[in-house]
1. Please state the shape class of the range 47-119: rounded when a/c is under 1.5, otherwise prolate if a/b exceeds b/c and oblate if not, all from the C-alpha gyration tensor.
2. Which FRET efficiency, nearest 0.05, do Ala122 and Trp23 yield, Cβ-Cβ r, R0 25 Å?
3. Just grab the label-to-label distance for Ala113 and Val98, each label 7 Å out from Cα along the Cβ direction, in nm (one decimal).
4. Quick one: Cα convex hull volume of the range 41-87, Å³ per residue?
Amino acid sequence: MPFDSWTTEPGWRVAGSRGLDLWKVQAPGIVRRPEGGWRLFYTAVGPERPFPHCQGLLLSAVSDDGVNFVVEPGIRIAPDPERPEIALRVLAPTLVSVRQGIWRMYFEARGTADRPTVIASALS
């Protein structure tokens, strides 16, 4: 199928289902798992947060077929109030394998409104 023609599929792949992501799921990034299947990382916002001013964090879900996903427990990356550049939110993950068994995730991050938005990274 060419990349300039898309047909949307019925249903959803991940929906807000718990305190961490009940209000919003957005900005997915997906990779093929070395053991097979897929892992989808996504931005989440919900009433359950690691600290009161948190505006978004990164969660994940797995799938064998790339269509039916099961949300994984826990937080993959959360903002860090001790680091001004990522103090309030992390979102929009993009991933790349950098070498056997090591992944790098790039993501948008933000501190307070007086600081610029940045692109940060993390290693698995």
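1. Oblate, since a/c reaches 1.5 and b/c is not below a/b.
2. Rounded to the nearest 0.05, the efficiency is 0.60.
3. For the pair Ala113/Val98, the computed spacing is 3.5 nm.
4. Given the Cα convex hull of the range 41-87, per-residue volume reads 81 Å³.
Each value in this text was obtained by applying a stated rule to the coordinates, not by laboratory testing. Computed from a predicted structure; not experimentally measured. No Cβ is skipped: glycine too gets one built from the backbone with ideal geometry, and neighbour counts run over all protein chains shown.
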